[in-house]
1. Of everything in the stretch 12-26 that's over 16 Å from the mean Cα position of the chain (by Cα) and loosely packed, with under 15 Cβ neighbours inside 10 Å, which residue is nearest to residue 38 (Cα to Cα)?
2. Kindly list, by first and then second residue, each pair from a residue in the stretch 83-107 that is touching a residue at least 60 places away in the same chain (Cβ under 8 Å) to a residue that is not in a strand (DSSP E or B), limited to pairs with Cβ atoms under 6 Å and residues at least 6 apart or on different chains.
3. Got at least one residue in the stretch 51-58 being in a helix (DSSP H, G or I), over 13 Å from the mean Cα position of the chain (by Cα), touching a residue at least 12 places away in the same chain (Cβ under 8 Å) and surrounded by fewer than 13 Cβ atoms within 10 Å (Cβ to Cβ)?
4. Of all residues in the stretch 45-68 being under 14 Å from residue 24 (Cα atoms) and touching a strand residue (DSSP E or B) at 6+ places or on another chain (Cβ under 7 Å), which is modelled with the lowest pLDDT?
5. Here is a check on your reading of the model: is residue 29 under 25 Å from residue 91 (Cα atoms), touching a Ser or Thr at 6+ places or on another chain (Cβ under 9 Å) and either hydrophobic (A, V, I, L, M, F, W, C) or buried (at least 18 other Cβ atoms within 10 Å of the Cβ) (or both)?
6. Of these, 136, 78, which one is β-branched (Val, Ile, Thr) and either loosely packed, with under 15 Cβ neighbours inside 10 Å or closer than 30 Å to residue 29 by Cα (or both)?
Amino acid sequence: MQVDIIQNIKELVTPLAEEKGLFLVDVEVNLNSKPEVWVYLDAEDRGVNLDECADISRELGFLMDAHELFEGKYLLNVSSPGLSRPLSDQRQYKKNEGRSAKIKFKQGDKYEKIKGSIVSVNADGVTVENGKEGTVHISFDDIMETKIVPKI
């Protein structure tokens with residue numbers, strides 16, 4: 001049932017996001033006594049602002065109510081993914097060129113980790129520069145997790 005709800009929410013929010021030049025990153029649903037929905041949106045070339053999240057939240061809430069996805073009340077949160085969440089869509093990489101990242105990836109039958117600066121992104125994967133290995137190209141198919149390392 002939760003998979004159906006998530007899929008329905010994705011179908012409702014995708015056109016709303018695209019109207020604003022955004023894309024859907026993920027939907028999470030916690031079915032507690034009061035269900036909680038998290039919708040994460042991003043843009044390829046900029047950040048996501050609060051007004052965009054508020055507009056989409058209002059429109060999505062209306063559509064979810066019209067489609068009766070939940071019985072009773074629920075909590076709806078629309079947000080950008082933030083730095084604590086891993087990158088999960090290839091479109092997120094381009095705007096993070098030049099930033100430091102930690103990437104966990106498959107290499108053969110082993111898992112490797114690299115921390116370095118994202119120097120380029122193409123349709124294939126991402127190229128990372130670090131002091132030890134130099135420049136390393138990693139295919140998107142091999143990436144298990146990428147987290148941006150914030151500058152402090």
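1. 15
2. Close Cβ pairs (under 6 Å, with a partner that is not in a strand (DSSP E or B)) amount to 83/150; 91/44.
3. Yes.
4. That would be 48.
5. Answer is no for this residue.
6. Result of the check over 136, 78: 78.
This table checks each residue for (1) more than 30 Å from residue 133 (Cα to Cα); (2) not aliphatic (A, V, I, L, M).
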position	(1), (2)
21	yes, yes
66	yes, no
72	yes, yes
89	no, yes
99	no, yes
105	no, yes
113	no, yes
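Each row is one residue, and each column tells you yes or no for (1) assigned by TED's automatic domain parsing to the domain that holds residue 128; (2) on the phi > 0 side of the Ramachandran plot; (3) touching a helix residue (DSSP H, G or I) at 6+ places or on another chain (Cβ under 7 Å).
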| position | (1), (2), (3) |
| --- | --- |
| 7 | no, no, no |
| 34 | no, no, no |
| 50 | no, no, no |
| 72 | no, yes, no |
| 84 | no, no, no |
| 99 | yes, no, no |
| 105 | yes, no, yes |
| 110 | yes, no, no |
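The values are calculated or read from the model by the stated rules, or taken from the named source; none is laboratory data. Everything quoted here is computed from the prediction, not taken from an experiment. When we count neighbours, we look across all protein chains shown, and the Cβ atoms used for this are built from the backbone with ideal geometry, even at glycine.
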